[in-house]
Amino acid sequence: MNKCYSDDLHRYYGEQETLKQFIRRPLELKYIILYRKAKESIHDGKHLRSFWYRLRLRIISRKSFIQIPLHTTIGKGLYIGHSGPIVINPSTVIGNNVNIASGVTIGQENRGVRKGTPVLGNEVWIGTNAVIVGKIIIGNDVLIAPGSFVNCDVPSHSIVFGNPAVIRHADHATVSYISNICPETEKVD
């Protein structure tokens with residue numbers, strides 16, 4: 001789990017983190033670190049430590065308006081761009097090196113063919129106020145434009161925009177959008 005902390009820090013600061021950056025961490029990064037510590041303490045069975053981290057996570061969640069349940073599966077290198085309302089369903093699976101902007105909702109669909117929650121691949125960039133719902137698979141290297149409504153599968157190397165979602169193939173769709181990619185996860189299928 002310590003590797004996840006360093007990968008998250010790497011996504012925010014790159015190779016070198018200065019003492020000033022360490023002290024003045026953004027609220028979003030503090031949320032991610034507390035999230036990882038709370039999840040780790042639950043799995044370790046350390047009840048008092050788990051209670052402490054979950055309490056601190058709840059407090060910072062109210063300040064930042066970020067709601068990511070501890071049951072959510074999140075890969076290395078999560079980057080949350082700005083504080084603001086972010087709501088993610090607990091059954092969602094998020095890959096490595098994913099950027100999430102403010103106003104994003106990743107939720108479940110309760111009926112029909114796509115009943116369930118999304119699975120996001122690696123190197124996915126999600127723009128402001130995007131909504132992703134249903135039992136769908138978002139491939140690797142996908143850019144979801146701000147304000148998009150996505151309720152269908154998205155192949156790797158794509159750009160998604162609009163409501164209803166329009167999908168366009170684009171090699172290297174997230175180049176210049178996702179920076180400081182974690183070294184072990186640089187290759188995308």
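The values are calculated or read from the model by the stated rules, or taken from the named source; none is laboratory data. All figures in this text were calculated on a predicted structure; none of them were measured in a lab. Cβ: placed from backbone, ideal geometry, glycine included. Neighbour counts: every protein chain shown. Heads up: the accessible areas ignore ligands, DNA and RNA and are worked out on the full protein's heavy atoms, side chains in. Shrake-Rupley method; radii C 1.70, N 1.55, O 1.52, S 1.80 Å.
Tabulated results
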{"quantity": "Any chance Y53 is aromatic (F, W, Y), touching a residue at least 12 places away in the same chain (Cβ under 8 Å), open to solvent by 50 Å² or more (accessible area, probe 1.4 Å) and out of contact with any Pro (no Cβ under 8 Å at 6 or more places or on another chain)", "calculated": "no"}
{"quantity": "Residue pairs meeting the criteria (Cβ under 9 Å; at least 6 apart or on separate chains; first over 23 Å from T128 (Cα atoms) and in contact (Cβ under 8 Å) with a residue 40 or more places away in the chain, in the stretch 105-116; second of a type outside the set (V, I, T) and part of a loop (DSSP other than H, G, I, E, B))", "calculated": "none"}
{"quantity": "Yes/no for K135 being in contact with a strand residue (DSSP E or B) (Cβ under 7 Å, 6 or more places away or on another chain), charged (D, E, K, R) and crowded, with 17+ Cβ neighbours inside 10 Å", "calculated": "yes"}
{"quantity": "Hits in the stretch 159-176 (condition: open to solvent by 60 Å² or more (accessible area, probe 1.4 Å), of a type outside the set (A, V, I, L, M, F, W, C) and touching a Ser or Thr at 6+ places or on another chain (Cβ under 8 Å))", "calculated": "N163, R168, H169"}
{"quantity": "Search result, residues across the stretch 144-158 that are small (G, A, S), outside any strand (DSSP E or B) and buried (at least 17 other Cβ atoms within 10 Å of the Cβ)", "calculated": "A145, S148, S156"}
{"quantity": "Looking only at the stretch 2-35, and only at residues there that are aliphatic (A, V, I, L, M) and modelled with pLDDT of 80 or more, the one that is surrounded by the most Cβ atoms within 10 Å (Cβ to Cβ)", "calculated": "I32"}
{"quantity": "Matching residues in the stretch 60-80 - criterion: being open to solvent by 60 Å² or more (accessible area, probe 1.4 Å) and closer than 12 Å to V93 by Cα", "calculated": "H71, T73"}
{"quantity": "Counted residues, the stretch 115-143 - those being more than 18 Å from G75 (Cα to Cα), touching a Lys or Arg at 6+ places or on another chain (Cβ under 7 Å) and either in a loop (DSSP other than H, G, I, E, B) or of a type in the set (D, E) (or both)", "calculated": "3"}
{"quantity": "Close pairs from the stretch 148-177: first without any contact (Cβ under 8 Å) to a residue 24 or more places away in the chain, partner open to solvent by 90 Å² or more (accessible area, probe 1.4 Å) and not in a loop (DSSP other than H, G, I, E, B), Cβ under 6 Å, at least 6 apart", "calculated": "D153/I137; S158/H169; I159/R168"}
{"quantity": "Filtered residues of the stretch 102-113 (kept if assigned to a loop (DSSP other than H, G, I, E, B) and closer than 17 Å to R62 by Cα)", "calculated": "S102, G103, V104"}
